[in-house]
Structures are given as C-alpha cells and as structure tokens.
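Novice: Quick one: this structure, given as structure tokens, is what I'll be asking you about.
The values are calculated or read from the model by the stated rules, or taken from the named source; none is laboratory data. Everything numeric here is computed off the predicted structure, so don't read it as measured data. Neighbour counts run over all protein chains shown; Cβ positions are idealised from the backbone, glycine included. Surface areas here come from the heavy atoms of the whole protein model, side chains and all, with no ligands, DNA or RNA. Shrake-Rupley method; radii C 1.70, N 1.55, O 1.52, S 1.80 Å.
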Amino acid sequence: MSRIISAFERLRRENNRGLVAYITAGDPSPGHTVELILALEQGGADIIELGVPFSDPIADGPVIQKAGERALRAGTTFPKVLDILRNLRTRSEIPVIIFTYLNPIMRYGFARFASDAAAAGADGALLTDLNIEEAGLYLAEMQKHGLDPVFLVSQTTPDDRLRVLSRSSAGFVYLVSRAGVTGERDRVSDQARRLIERTRRVTDLPLAVGFGLSKPEHMRALAPYADAAVVGSAFMRVIEEHQDAPDLADRMCGLAARLKEGLRIPVEAEDGR
Amino acid sequence: MAATTTTTITTLPDALGHFGPYGGRYVPEILVAPLDQLEIAYDQARADDGFRDELENLSRRFAGRPTPLYHAKRLSRHLGGAEIYLKREDLLHTGAHKINNCLGQGLLVERMGKKRVIAETGAGQHGVATAAACALFGFECIVYMGEEDMRRQSPNVFRMRLMGAEVIGVDTGSRTLKDAISEAMRDWVAHFETTHYLLGSALGPHPYPRMVRDFNSVIGREARRQFLDLTGGLPDVLMACVGGGSNSIGLFHPFLEDERVKMVGIEAGGRGHRLGEHAARFSGGSPGVLHGTYSYLLQDEDGQIALTHSVSAGLDYATVGPEHSWLHDQGRVEYVSCSDEDALEAVKLLSRLEGVIPALESAHAVAEAIRRAPDAKGQSFLINLSGRGDKDIGIFRENMPGLG
C-alpha cells in the first residue's frame with residue numbers, strides 16, 4: 001500500500017482531515033529543505049508536496065514564484081531534489097509528492113524520472129501543465145514504478161472530464177478551489193464546495209483542496225467537506241520573511257500546527273455529513 | 001506520394017492541435033474548458049460567411065488591406081543577383097502585420113460576448129494592434145509588457161496608452177516577451193470568464209497556433225496572387241523573420257503546396273552563439289514545453305528556460321510556434337539566423353536605397369536576402385516586410401552614430 005493511501009486511511013480512522021504542505025525544494029537553499037519538512041511533519045502535516053523549481057511557473061502567484069527564483073539561484077536542480085528526498089527518507093516516512101511543471105521532467109526523461117524518484121523515496125507526482133491528453137507515456141512510467149499520479153481538477157472541468165481525471169489519478173485528487181494562480185486569499189471560494197460535491201459523485205479517492213488557502217479559518221471552512229487541504233504560499237511566505245532567522249523551522253512547525261488544528265472536525269459538522 | 005505529403009502538411013494541426021509531435025495543449029487544468037470554448041467559437045466563425053465578410057471589410061477599410069507587393073529594384077540592382085520583392089505589411093494600420101490577427105480575434109471576442117481583453121507584447125507591435133482593435137470594438141484592454149521591452153520600445157507604450165490600453169510592466173525573469181506571456185496567462189487563469197486572451201503569435205496552447213496562422217494567412221494568399229499578376233510566375237524563395245512565427249507562417253502557409261517555392265525563416269542570431277546571447281531556437285535549442293506548447297525551445301540541461309538576447313524585442317523569445325518546428329523537421333522550411341549587427345546594416349541599406357525603414361524584426365529577413373542575393377542571379381526573393389521601423393528609432397540612434 002502506498003504511503004499516501006496509508007496516510008488517508010489513518011486520517012479516516014482518526015476521523016481527521018489531512019494537511020498537505022507544499023514546500024519549494026531548495027528554498028532558501030538545498031541544505032534547509034529536509035529540516036523544514038521535518039518541522040512541517042512535527043507540526044502536523046500529513047503529506048508533503050515537494051516543489052521542483054521551474055524558471056517560468058505560470059500557475060503560481062508571486063510568493064511561490066519568488067521561492068522558485070531563490071531555489072534556482074541556490075543551485076537547485078532535479079538531481080539535488082532527489083538527494084533531498086534520499087536524506088529525508090533516512091529520517092521520515094511522510095508521504096512525498098513531487099510537484100512541478102512539465103519541462104524539467106520531460107528534459108530529465110519520464111522513464112528516468114519515475115525510476116529515480118521512486119528509488120529516492122517519492123510516492124507520487126503532480127505536473128501542473130501536463131494535461132491528460134498528453135500524459136500517456138508519463139502515466140505508463142508512473143505505474144511501472146509504483147508512483148501515484150495526481151491530477152488537478154477545477155471548477156471549469158466538466159463531469160465527464162472529472163471522471164477521466166479521477167480515474168487517472170491515484171492517492172488522491174487535487175481540487176483547485178478557485179480561479180487564479182496560487183496565493184493567499186481572504187476566504188474560501190463558494191466554488192470549492194460545489195466542486196467537492198461534483199467530484200465526490202465520480203470518485204471514491206480522497207479529495208484534497210488547494211489554491212488560496214492559508215489560514216486556520218480556511219481549514220475550518222473546508223474540514224466538513226474535504227479530506228485534506230493543501231497550503232503552499234503561506235509556508236513559502238514564512239521562508240521569504242524569515243529565511244535567515246534561527247527559528248525558521250519552529251515558525252514552519254507552528255504554522256502547520258495552527259492549520260492542522262483548524263482541520264479538526266467539529267462534532268456538530270460530523271453529524272451533518 | 002508527394003501529393004499525400006503536401007496534403008498532410010497543409011491540413012495540420014490534428015484535432016488536439018498537433019503538428020506532428022509538436023503543438024498540443026499544456027496548460028493549467030482550469031484553462032482547458034476556456035480553450036475548448038474558444039476553439040468551438042473559432043470553428044463556428046470560420047464556417048460563417050458573415051464573419052468572413054466582416055473581417056474582410058475591416059481589413060480593407062480599417063487596416064488598409066491589401067498591402068502592396070513592391071519590387072525593390074534599386075536594392076536588387078545594388079546586390080547584383082536575385083530580384084527582390086517586398087510584401088509591404090509595414091504599411092498596414094498600426095505599423096505591422098499584427099493587426100491581421102487582432103481584427104480576427106476582436107470579431108471573435110465580440111461574438112463570444114466578452115468585454116475584457118488581455119495581451120502580451122514584445123516589440124509593442126502586437127500591443128498597439130490589440131489596443132487599436134479594442135478601441136475599435138469598445139473592449140477594456142490590458143497589455144503585459146516586459147520592463148526591458150517598455151524601455152527599448154517606449155514609443156509603442158505611449159501609443160497603446162493613447163488608445164486607452166492599460167500597459168502593465170512585468171519585472172520578472174528577463175523582463176521581456178517570455179515574462180509578459182507568463183503574466184498574461186496568470187491573468188487569464190484568474191479572469192477567463194470575462195476575459196479573452198488575445199495571443200499575438202502562432203504559439204501557445206491549441207487552438208492559438210492554428211487560429212493566429214489562419215488570420216495571418218491573408219499575407220501569403222495576397223502575395224501569391226500579386227506575384228502571379230506581376231511576374232506571371234511564383235517566387236523562388238520566400239523569406240520572413242521568425243520570433244513566435246506569425247508573420248512567417250502567414251506568408252509561408254499558402255505556398256506550402258507549391259513545392260518549387262523555397263522558404264527561409266530567419267531567427268535572431270543576437271550577438272553570439274552561446275546560450276543567452278541569441279534567440280536561435282533551431283540551431284541552439286531542443287524540443288520542450290513552454291507556454292502551453294511543445295516546440296523547439298532554448299533551455300538548459302535541467303529543463304529551465306534559457307535567457308535570450310536580440311536587438312529586436314519581437315524576436316527575443318525562447319520558443320517558436322509549433323508549426324515551424326514541424327516544417328523544420330520535415331525540411332520544408334530552412335531556418336537560419338542573422339546577427340544584431342547584420343540586421344542593423346540591413347536597416348541602413350534598405351532605408352537608403354528604397355526609402356523604406358524596416359522594423360528591426362523584419363530587417364533580419366532583409367539581411368538574409370542581402371547575404372544570398374549576389375549568388376542568386378535569375379532568382380526572385382519575396383520578403384515579408386512585416387513591420388515598419390518607426391518604433392525602433394531610439395535603437396537606431398544608439399547604434400548609428402553620426403546621424404544625429
């Protein structure tokens with residue numbers, strides 16, 4: 001059983017919701033990333049999305065763009081991300097999804113990517129700009145190496161396409177909660193709940209909701225409906241603002257803990273489900 | 001056998017936007033449905049005589065089509081070889097071929113009922129054409145432009161603003177066309193419900209490469225007819241500069257089945273052969289994905305997009321329209337590059353001998369013709385003079401001391 005599936009089973013047993021924490025590998029430097037992931041895990045993150053920086057991240061807002069620029073300046077390449085993963089695996093079993101854009105992976109080669117990522121201890125991957133129509137080779141290699149491919153679905157995805165994308169995903173399905181790039185917003189969009197309902201009708205996979213989520217109240221708003229919430233920019237903002245601070249890891253841990261607290265399901269909502 | 005090959009070449013792309021292995025659609029999932037809607041709207045418009053009539057009418061009365069085909073006799077005589085003909089897209093309203101596509105997409109936006117238009121621009125020619133079309137149709141207009149390009153093409157920034165467009169400077173990456181496209185895509189991801197992305201070149205996700213090519217094919221259709229009328233035959237060689245590749249594919253496409261017509265696409269050779277010093281995707285790049293399409297791409301060994309350089313902002317871009325990649329691999333079009341220096345020399349020569357000041361982009365094609373003409377006695381070259389050089393006066397001045 002994959003680490004991702006076990007994580008969601010554990011969450012279900014504990015009647016709890018998952019926190020998926022995104023972190024750009026190599027920000028502020030490759031040497032920081034393992035410690036920061038361990039801090040996120042200690043704070044309560046259940047799954048890590050490990051971002052491989054790309055020079056032209058069209059789906060990302062300014063915070064993650066700048067994180068990627070810092071990571072690239074610090075010399076972060078995909079082979080270095082694999083080193084980070086190998087180091088992490090000597091200290092933690094937290095599920096890790098590699099999260100990036102298509103071109104760096106295509107350049108590395110799908111077969112080599114899947115084989116090296118699996119060997120380094122990755123559990124899955126999400127390539128933001130790889131649409132299902134073009135994903136044949138990628139999916140075959142992912143399956144061959146036991147990695148979970150995760151696809152994004154959004155408010156504009158029609159039901160028949162939701163079905164195809166869910167069927168092609170493993171581990172969980174990632175629901176984009178709103179129109180726009182990644183980044184913190186004031187409130188959870190109304191679109192999110194409608195999308196969760198539509199996706200539930202076509203799949204039994206756990207549903208993780210992301211984009212625009214940064215605060216405990218966002219977590220509380222989603223907890224009754226989603227299986228997990230994805231937070232990225234809020235963590236990367238902590239790195240941006242405190243990259244040289246000695247307590248950077250503690251701050252990441254603290255934010256993860258506050259978000260995770262928000263994901264506890266209130267008793268009354270539990271009855272309503 | 002040959003007939004099958006040419007049919008294949010001219011009937012692409014396939015239903016998913018592929019030109020051979022190139023093209024396709026690589027975008028955030030949220031854009032798939034808006035792109036599908038755009039494709040449907042475009043197919044409906046294409047099949048509609050009313051749409052075609054409206055576009056033709058606007059092209060004639062607003063933009064100034066047809067543009068002349070001009071025999072550059074003094075330049076030809078000076079070079080002493082091939083006879084050189086210029087397709088004068090520089091005489092179009094707003095100063096370049098870009099208006100062809102903007103009027104087409106503008107009419108489409110009207111049909112789709114959207115009121116807000118966003119665009120990217122490099123040299124500013126597409127931005128100016130978009131601003132003009134938006135003023136004409138009454139759309140809100142936002143143009144993303146790299147700050148480096150705003151500096152070197154400042155007259156165009158002013159023109160866009162004068163026509164009511166909001167020009168937003170982009171200060172990420174190389175602060176050029178690549179970054180402007182990224183920013184426009186981020187805007188579109190957030191506002192696709194109300195907004196049309198008026199992409200200015202034959203690149204990006206399907207259906208843009210096909211649609212932008214179709215709207216610019218008027219260049220080649222006209223030129224082919226005009227050349228036949230003028231000379232009774234077809235040109236031996238077509239030449240056009242290739243940035244994203246819209247003016248060149250517009251010229252080339254209607255000639256693809258004329259097997260005896262050779263075609264040359266000219267990329268920006270910049271100031272050297274090392275990665276970062278040029279924008280020659282075919283000699284210096286390899287296939288990859290940027291901005292929604294799979295095509296030749298300047299990238300480093302880790303798949304990060306390389307910085308590019310060209311004196312001409314409109315050619316300063318890391319990837320190229322996917323149909324060009326296909327035509328390159330098929331050997332149907334030859335792609336070469338020309339240096340900053342040669343392009344500037346071509347500006348001087350054409351200005352002095354013909355009284356025509358070309359845009360720096362188009363000057364790359366003129367430079368290649370100057371290089372080849374002396375050894376091509378008896379042949380005819382047809383160059384797409386895609387834009388005029390007014391916007392480049394500042395750069396000319398920096399590089400041509402002694403003219404004041």
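Novice: From the backbone phi of the stretch B:301-309, what are the Karplus-calculated ³J(HN,Hα) couplings (6.51 cos²θ - 1.76 cosθ + 1.60, θ = phi - 60°) in whole Hz, Gly and Pro given as x?
Specialist: These are the phi-based 3J(HN,Hα) values: 5, 8, x, 7, 6, 7, 6, 10, 9 Hz.
Novice: Ignoring ligands, DNA and RNA, what percent of the 1.4 Å accessible area of the stretch A:113-256 is carbon and sulfur?
Specialist: Result for the stretch A:113-256: 46 percent of the exposed heavy-atom area is carbon or sulfur.
Novice: For residue B:348 and residue B:40 in one chain, what is 0.36 nm times their gap in residues minus the Cα-Cα distance, to one decimal in nm?
Specialist: 106.3 nm
Novice: Have a look at the DSSP beta bridges in the protein assembly as shown and tell me what percent are antiparallel, nearest 5.
Specialist: Approximately 20 percent, going by the DSSP bridge assignments.
Novice: Okay, moving on. Answer rounded, prolate or oblate for the stretch B:1-111, using the Cα gyration tensor with square roots of eigenvalues a ≥ b ≥ c: rounded when a/c is under 1.5, else prolate when a/b is larger than b/c, else oblate.
Specialist: Oblate, since a/c reaches 1.5 and b/c is not below a/b.
Novice: A follow-up question, please. What accessible surface, in Å², does a 1.4 Å probe find on residue A:261, ignoring ligands, DNA and RNA and rounding to the nearest 10?
Specialist: In the full protein context, residue A:261 sits at about 110 Å².
Novice: Now for a separate question. Counting helices only, and only those DSSP H runs with n ≥ 4, report the 222 nm mean residue ellipticity of chain B as the sum of -39,500 (n - 2.57) divided by its residues, in deg cm²/dmol to the nearest 500.
Specialist: -13000 deg cm²/dmol
Novice: Separate question: Could you tally the net charge around residue A:202, taking each other residue with its Cβ under 12 Å from the Cβ of residue A:202, Lys/Arg +1 and Asp/Glu -1?
Specialist: Spelling it out: positives minus negatives among the neighbours equals +2.
Novice: If you don't mind, there's one more thing I want to ask. Over the protein assembly as shown, with the other protein chains present, what is the accessible area per residue in square angstrom, probe 1.4 angstrom?
Specialist: Spelled out: the 1.4 Å probe surface of the protein assembly as shown, per residue, equals 37 Å².
Novice: Give me the one-decimal nm value for the distance between modelled label points at residue A:145 and residue A:112, 7 Å along each residue's Cα-to-Cβ direction.
Specialist: 1.1 nm
Novice: If A:238, B:117 are ordered by their accessible area, calculated over protein heavy atoms with a 1.4 Å probe, which sequence runs from highest to lowest?
Specialist: So the residues, ranked largest to smallest area, are A:238, B:117.
Novice: If you don't mind, another one. Output needed: Cys residues of chain B lacking any neighbouring Cys C-beta below 4.7 Å, sorted by number.
Specialist: Lacking a cysteine Cβ partner under 4.7 Å: B:102, B:241, B:338.
Novice: With a ≥ b ≥ c the root eigenvalues of the C-alpha gyration tensor of the stretch B:32-173, is it rounded (a/c under 1.5), prolate (a/b larger than b/c) or oblate?
Specialist: Taking the square roots of the gyration eigenvalues as a ≥ b ≥ c, the stretch B:32-173 is oblate.
Novice: Taking amide H positions as placed in the peptide plane 1.01 Å from N, state which residues far from residue A:22 in sequence (5 or more) or on other chains have amide H under 5 Å from it.
Specialist: For residue A:22, the qualifying residues are A:49, A:231, A:232.
Novice: Now, a different point. Along each of the three principal axes of the Cα atoms of the stretch B:144-208, give the extent in whole Å, ordering the values from largest to smallest.
Specialist: Answer, in whole Å and largest first: 31, 27, 22 Å.
Novice: What's the average, rounded to a whole number, of partner chain beta-carbon atoms within 10 Å of each residue's beta-carbon in B:131-138?
Specialist: Going residue by residue through B:131-138 and averaging, the value is 0.
Novice: Once the other residues with Cβ under 12 Å from the Cβ of residue A:73 are scored (Lys, Arg +1; Asp, Glu -1), what is the net sum?
Specialist: 0
Novice: Please list the non-local residues whose amide H lies under 5 Å from the amide H of residue B:170, H modeled 1.01 Å from N, same-chain partners needing a gap of 5 or more.
Specialist: HN-HN under 5 Å from residue B:170: B:145, B:146, B:147.
Novice: If you count only protein heavy atoms and use a 1.4 Å probe, how large is the accessible surface of residue A:107, to the nearest 10 Å²?
Specialist: Surface open to solvent at residue A:107 totals about 90 Å².
Novice: Let me ask you something else. Using θ = phi - 60° and the Karplus form 6.51 cos²θ - 1.76 cosθ + 1.60, what ³J(HN,Hα) does each residue of the stretch A:245-262 get, whole Hz, x for Gly and Pro?
Specialist: Result, ordered by residue: 6, x, 9, 3, 5, 4, 5, 5, 4, x, 5, 4, 5, 5, 5, 5, 4, x Hz.
Novice: Moving to a separate point now. Sorted by accessible area (1.4 Å probe), largest first, how do B:36, A:204 line up?
Specialist: Descending accessible area places them as A:204, B:36.
Novice: Search the structure for amide H atoms under 5 Å from the amide H of residue B:65, placed 1.01 Å from N in the peptide plane, and list their residues when 5 or more places away or on another chain.
Specialist: Those qualifying (amide H under 5 Å, at least 5 residues apart or on another chain) are B:60.
Novice: Once phi is turned into ³J(HN,Hα) by the Karplus curve 6.51 cos²θ - 1.76 cosθ + 1.60 with θ = phi - 60°, what whole-Hz value does each residue of the stretch B:206-223 show in order, with x for glycine and proline?
Specialist: 3, x, 4, x, 6, 5, 5, 4, 4, 5, 8, 5, 4, 4, x, 4, 5, 4
Novice: How much accessible surface does residue A:164 have with a 1.4 Å probe, in Å² rounded to 10?
Specialist: 60 Å²
Novice: Moving on. By its C-alpha gyration tensor, with a ≥ b ≥ c as the square roots of the eigenvalues, how is the stretch A:40-116 shaped: rounded for a/c under 1.5, else prolate for a/b larger than b/c, else oblate?
Specialist: Verdict is oblate for the stretch A:40-116.
Novice: Still on this model: In terms of solvent-accessible area of protein heavy atoms at a 1.4 angstrom probe, what is the ranking of A:247, A:160, B:316, highest value first?
Specialist: Most to least solvent-accessible, the answer reads A:160, A:247, B:316.
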